[in-house]
Amino acid sequence: MESKEENGMRVEALCKSLGHLWSENDVVEVFIKVPPQKRDECKRTLFGKLYSKSNVNYPAFLSTIKKAWKTEAVTCSQKEPGLFTFVFQSKDEKERVMKIAPWSFANNLLVLKQCESEIPEHCYDFTRSTFWVRIGGIPPSWRVETVFNDLGRKLGPVLDI
């Protein structure tokens, strides 16, 4: 595994190879604060990406996902094929949907990410998703949280047991 220093040097070398794609005159500094209602909207927003097949029937996708989430009070917009924005009426409803994840449509994983007010939709990492995993075959005397934590960590970070 590369160290952060090696990774940084590789990124720096790649940037140098690109040359000067922009100049100081191209930079626009924005000195406005994000309005509170936009920050609140971001807290109620999820970005979703279909992991394998991105070109799906949008009306069918929207209808199915609203039924699965048991809500009509979500606004969905398609940013590009397979990339969606979901704005919920409440933060609680959004958190309920996230808690029950993962979701899929037509056998395609829908990876959901929480909106962060300073990051554009296309900059999110949709390559990882949380999953519920059932671990069986554990002897009764070993069915303790530490054993399940140790087993689960082989798959990735353990969020809940």
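The values are calculated or read from the model by the stated rules, or taken from the named source; none is laboratory data. Given the structure is predicted, the values throughout are model-derived calculations rather than measurements. No Cβ is skipped: glycine too gets one built from the backbone with ideal geometry, and neighbour counts run over all protein chains shown.
Restricting ASN25, ASN55 to residues that are loosely packed, with under 10 Cβ neighbours inside 10 Å and either closer than 30 Å to VAL97 by Cα or touching an Asp or Glu at 6+ places or on another chain (Cβ under 8 Å) (or both) narrows the list to ASN55.
Taken over the range 98-114, the residue count meeting the criterion of being in a loop (DSSP other than H, G, I, E, B) and exposed (fewer than 10 other Cβ atoms within 10 Å of the Cβ) is 1.
Here the condition is being among the basic types (Lys, Arg) and under 22 Å from SER117 (Cα atoms); of LYS67, LYS53, LYS99, it holds for LYS99 alone.
Okay, residues lined up against (1) in a loop (DSSP other than H, G, I, E, B); (2) in contact with a helix residue (DSSP H, G or I) (Cβ under 9 Å, 6 or more places away or on another chain); (3) not assigned by TED's automatic domain parsing to the domain that holds SER52:
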| position | (1), (2), (3) |
| --- | --- |
| GLU116 | yes, yes, no |
| ILE135 | yes, yes, yes |
| SER141 | no, no, yes |
| ASN149 | no, no, yes |
| LEU155 | yes, no, yes |
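Matching residues to (1) assigned to a helix (DSSP H, G or I); (2) among the hydroxyl-bearing types (Ser, Thr, Tyr); (3) farther than 17 Å from HIS122 by Cα; (4) in contact with a strand residue (DSSP E or B) (Cβ under 8 Å, 6 or more places away or on another chain):
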site: ALA13; (1), (2), (3), (4): yes, no, yes, no
site: GLU41; (1), (2), (3), (4): yes, no, yes, yes
site: LEU46; (1), (2), (3), (4): no, no, no, yes
site: ASN55; (1), (2), (3), (4): no, no, no, no
site: GLN78; (1), (2), (3), (4): no, no, no, yes
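Applying the condition of being of a type in the set (Ser, Thr, Tyr) and either touching a Ser or Thr at 6+ places or on another chain (Cβ under 8 Å) or closer than 18 Å to THR64 by Cβ (or both) to the range 76-116 and asking which residue is modelled with the lowest pLDDT yields SER104.
Does the range 4-17 contain any residue that is at positive phi and either of a type outside the set (Gly, Ala, Ser) or not assigned by TED's automatic domain parsing to the domain that holds ILE119 (or both)? Walk me through it before giving the result.
Of the residues in the range 4-17, the ones at positive phi are none.
No, the range 4-17 contains no residue that is at positive phi and either of a type outside the set (Gly, Ala, Ser) or not assigned by TED's automatic domain parsing to the domain that holds ILE119 (or both).
Put simply, of CYS115, CYS123 the only residue that is without any contact (Cβ under 8 Å) to a residue 12 or more places away in the chain and within 24 Å of ASN55 (Cα to Cα) is CYS123. The set of residues from the range 79-97 being surrounded by fewer than 15 Cβ atoms within 10 Å (Cβ to Cβ) and farther than 22 Å from GLN37 by Cα comprises GLU80, PRO81.
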